[in-house]
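The values are calculated or read from the model by the stated rules, or taken from the named source; none is laboratory data. All figures in this text were calculated on a predicted structure; none of them were measured in a lab. Positions of Cβ are generated from backbone atoms using ideal geometry, with glycine treated the same way; all protein chains shown enter the neighbour counts.
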Amino acid sequence: MLGQVPRSVAPLKCRGIRAVPGKVRERGSATVAVLAVALILLFAGSLYVLAVAPRPERARPIRAAKPTPVQRSLEEMDAAAQAGARSASAAALTAYADLGSFDEVTPPLLAMIEPSLSYTRGESGDEGEASVVGQGRSFAVAVRSASGTCWWLRVDGPDGATMVGSGDACTAADAQTGADRTAW
């Protein structure tokens, strides 16, 4: 019996499956492996297309136009002038609290309270200079922006009711009559 393999251990053939002791081999296993690799590559490729690949221009959402650098800088210039007008009115309200009237609020007094601006009774030349006038319970300030717009602010009474506006003329007298809105 040394050279013979018992029948129970001999290779079996049954419908495409060849069984050898310790080894199982199926016909077409190479085809299944190739198909599995192809499916994996197809799945990975679809993930790349859906998640990573750049999209064409026409697929991008429409966005609101951003302001150009020139528009942005004009807005910044106007904001600086408006901030100057607010600073001048805050200084005037501080003086009003001590004096009880805006009559004695003068450019030199405002310069002592808020030294970041210069003050005049005449026309404002830029955002660093505020045209001011105080009469009784009302105070007005006008500040010219580097954009050319003049920003007006008027404070009425001790409670600080504020009206604002803008225009071409840039004196505090213009602000007294022209500031008629609650927001710039």
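In segment 94-114, the condition of being assigned to a loop (DSSP other than H, G, I, E, B), within 29 Å of the chain's Cα centre (by Cα) and not acidic (Asp, Glu) is met by no residue. Restricting the search to strands (runs of 3 or more DSSP E) fully inside segment 131-184 and requiring at least 1 residues that are of a type in the set (Asp, Glu) and either surrounded by fewer than 23 Cβ atoms within 10 Å (Cβ to Cβ) or in contact (Cβ under 8 Å) with a residue 12 or more places away in the chain (or both) gives 150-156. Screening Ala38, Ala88 for residues that are in a helix (DSSP H, G or I), within 19 Å of Leu153 (Cα to Cα) and either touching a strand residue (DSSP E or B) at 6+ places or on another chain (Cβ under 6 Å) or modelled with pLDDT under 90 (or both) leaves exactly one candidate, Ala88.
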